[in-house]
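Enquirer: Sharing a structure, written as structure tokens. Questions coming.
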Amino acid sequence: MSVAPLFGLVLAGGRSTRMKRDKAALAYQGATQLERAWQLLEPWTAQRFISVRADQSGDTLRARYPQIRDTLPDAGPAAGILAAFDAHPGAAWLVLACDLPFLGRETLAHLVARRDPARIATTYRSAHDGLPEPLCAIWEPASRAPLAATVTSGRSCPRKFLIGAEPVLLEPLDPVALDNVNATHEYWSAMDTINATPAPLRIRVQYFALLREQAGRSEETLETRARTPRDLYDELRARYPFSLPPDLLRVAVNAEFGDWAQPLADGDAVVFIPPVAGG
């Protein structure tokens, strides 16, 4: 039996709703999650691609990589996997989610070494519930047709698909290697575990109404080690005589209303918005 070549796919098409910002752009250990996943795939794959929604293809982070665009709406990661098979039906796919900050090369080396091309997929058993981990897995060409049929029937969860597909299930080498980070509290927990010292960020801050009067300026660009809008506001309160507490303000990051706990990134534009009457 001929063995299908192994291609790599980074799933980077999510909407990051719970994180309040693009998870692929979050930096751990000096690289964005997308960059890190891309690098992890290199030793094991003949070609690599990132999976994106059509409306993401031109953004600054994703535009530098070879892309495969989703064609199925609202099918989640399964849409990315099926689009990859449509683009290269003769390949097997080493699929990685872009939100696995603890994943290391040893885990991927173990997965590739134990690949069984005769099975529908090779993957790890979750350290938390024992179920298949579909987003750090090798999907063989034979999985394409049954996965497509499952999605067509209205069931788009790749984990549930693998539960009934009898993949090769490996025991995890590292119990946290496949822990993903979807929400802000998970991000800060991961950062504390990794013990990364935050690099200085350049942030543009705009001030309106009472805050503009108290800061004596309408905007500035500053260097900060603040990790969140709340940290940044606390830092600014030590610099300027701001009288408004955070619970009376709204915060916007890059022209979108945000969360006080969401991660900041280099180059962000932040606006603290006081009440209309200025408090």
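The values are calculated or read from the model by the stated rules, or taken from the named source; none is laboratory data. The model shown is predicted, which means the values in this text are computed figures rather than measured ones. Every residue, glycine among them, receives a Cβ derived from its backbone with ideal geometry; neighbour counts consider all protein chains shown.
Enquirer: Name every residue in the range 142-192 that is under 19 Å from residue 101 (Cα atoms), of a type in the set (A, V, I, L, M, F, W, C) and surrounded by fewer than 16 Cβ atoms within 10 Å (Cβ to Cβ), in order of residue number.
Expert: Correct list: 173, 176, 188.
Enquirer: Being in contact with a helix residue (DSSP H, G or I) (Cβ under 9 Å, 6 or more places away or on another chain) and either farther than 15 Å from residue 75 by Cβ or of a type in the set (S, T, N, Q) (or both) is the filter here, so list the residues in the range 150-163 that pass it.
Expert: 150, 156, 162
Enquirer: Another one. Just for the range 75-113: of the residues that are part of a loop (DSSP other than H, G, I, E, B) and of a type outside the set (A, V, I, L, M, F, W, C), which one is nearest to residue 47 (Cα to Cα)?
Expert: In this case the residue turns out to be 88.
Enquirer: Inspect the range 39-54 for any residue being at pLDDT below 95, outside any loop (DSSP other than H, G, I, E, B) and either at positive phi or surrounded by fewer than 23 Cβ atoms within 10 Å (Cβ to Cβ) (or both) and give the result as yes or no.
Expert: Checked the range 39-54: at least one residue is at pLDDT below 95, outside any loop (DSSP other than H, G, I, E, B) and either at positive phi or surrounded by fewer than 23 Cβ atoms within 10 Å (Cβ to Cβ) (or both).
Enquirer: If residue 236 satisfies every condition in (1) closer than 20 Å to residue 266 by Cβ; (2) under 28 Å from the mean Cα position of the chain (by Cα); (3) not in a loop (DSSP other than H, G, I, E, B) but one, which is the exception?
Expert: Against the list (1) closer than 20 Å to residue 266 by Cβ; (2) under 28 Å from the mean Cα position of the chain (by Cα); (3) not in a loop (DSSP other than H, G, I, E, B), residue 236 comes up short only on (2).
Enquirer: Give the residue, chosen from 91, 127, that is within 22 Å of residue 51 (Cβ to Cβ) and surrounded by 14 or more Cβ atoms within 10 Å (Cβ to Cβ).
Expert: 91
Enquirer: Now a separate question. Quick check: is even one residue across the range 94-104 among the small types (Gly, Ala, Ser) and within 25 Å of residue 22 (Cβ to Cβ)?
Expert: yes
Enquirer: Right, here's the next one. Could you tell me whether the range 179-195 includes any residue that is assigned by TED's automatic domain parsing to the domain that holds residue 123, at pLDDT 90 or above and within 30 Å of residue 133 (Cα to Cα)?
Expert: Among the residues of the range 179-195, at least one is assigned by TED's automatic domain parsing to the domain that holds residue 123, at pLDDT 90 or above and within 30 Å of residue 133 (Cα to Cα), which makes the answer yes.
Enquirer: Suppose we keep only residues that are touching a helix residue (DSSP H, G or I) at 6+ places or on another chain (Cβ under 6 Å) and among the hydrophobic types (A, V, I, L, M, F, W, C) within the range 242-264. Which one would you say is farthest from residue 181 (Cα to Cα)?
Expert: Looking at the filtered set, the residue picked out is 242.
Enquirer: Are any of the residues in the range 254-270 surrounded by 16 or more Cβ atoms within 10 Å (Cβ to Cβ) and over 21 Å from the mean Cα position of the chain (by Cα)?
Expert: Yes, the range 254-270 contains at least one residue that is surrounded by 16 or more Cβ atoms within 10 Å (Cβ to Cβ) and over 21 Å from the mean Cα position of the chain (by Cα).
Enquirer: Moving on. Among the residues in the range 201-208, are any in a loop (DSSP other than H, G, I, E, B) and surrounded by 13 or more Cβ atoms within 10 Å (Cβ to Cβ)?
Expert: yes
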